[in-house]
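S.K.: Can you read through this structure? Questions will come right after.
Here, each number is a calculation from the coordinates, and none is a lab measurement. All values reported here derive from a predicted model rather than from experimental measurement. Glycine gets a Cβ as well: all are built from the backbone with ideal geometry, and neighbour counts include every protein chain shown.
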Amino acid sequence: MWKFIRRTIIVIVLVLLCAIGYIIYEGYSMYQNAISMVDIEEKVNNLRSLDNYTKIDDVTKMYKDAVVAIEDHRFYEHPGFDFIATVRAILANIADKEFSQGGSTISQQLAKNLYFSQEKKMTRKVAELFVVMDLEKNYSKDDILELYMNTIYYGRGYYGIHDACNGFFKKLPNELTDYEATYLAGIPNAPSIYSSEKYSELAKKRHKQVLNAMVRYGDLTQEEADRIYNE
């Protein structure tokens, strides 16, 4: 009996290892195919050459802090992949019985924005990680955050922080109020929901989540968060 159980376990482990190996191989092939068409340095240079490209020093500190707090609060600590956040997302997906959370870091989201579609497939996630390793090796954390802010979608046809600031508030990124900065930081999570013409209840809830995250991670006091929310 025990021999049968042991053999069954060994077979299961081998099948899992083969499946993981296949996914890694397919992901690496996807990565190689992507960078063979346009390598990362060229992608970055093309992005930086755009007229509406915004340097990180031209964005308010409040906006930068808000983005990191709500999207990836360990951004400056992890190497591009956050094991803790990934495990948390997997457990949440199991509880929800659907792929509702991805646990993606800012670096992973940038990799996806540069090369891949929004389709939630394991091979694509693996391909992202290979791009992330290149990004983390060749660019600083501030570089990656800057690139990320220039590639994310805010809804209403606005890509990048410059167009979002102009489109929503008729302002430059360094002119945002604390209220505007923290509101914008929450939109990319679900642009079609949070960027409606009216400040909907869902948008208010998301704005509150951003401020709560900033309080949780020490960027704001509760009094400061309350003041911003009630502006």
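S.K.: Scan region 130-205 for chymotrypsin sites (Phe, Trp or Tyr not before Pro) in coil per DSSP, keeping those whose Cβ has at most 14 other Cβ atoms within 10 Å, and list them by number.
M.R.: Y199
S.K.: What number, in percent, do you get for the relative contact order of region 2-229 if the mean sequence gap of Cα pairs under 8 Å and at least 6 apart is divided by its residue count?
M.R.: It comes to 24 percent, rounded to a whole number.
S.K.: What number do you get for the chain when its Cα radius of gyration is normalised by 2.2 N^0.38 Å, N = residues?
M.R.: 1.15
S.K.: Quickly work out the I9-to-Y22 label distance, labels modelled 7 Å from Cα along the C-beta direction, and quote it in nm with one decimal.
M.R.: 2.5 nm
S.K.: Where Lys and Arg each count +1 and Asp and Glu each count -1, what net charge lies around E26 among other residues with Cβ under 10 Å from its Cβ?
M.R.: With Lys, Arg at +1 and Asp, Glu at -1, the neighbours total +2.
S.K.: Something else: Can you tell me how much longer the chain between D143 and K55 gets when fully stretched, taken as 0.36 nm per residue apart minus their C-alpha distance, in nm with one decimal? Could the numbers behind the result be given before it?
M.R.: Details: separation 88, 0.36 × 88 = 31.68 nm, distance 0.89 nm.
Full extension from D143 to K55 adds 30.8 nm.
S.K.: Could you please report the charge total around Y139, scoring K, R as +1 and D, E as -1 over all other residues with beta-carbon less than 13 angstrom from its beta-carbon?
M.R.: -2
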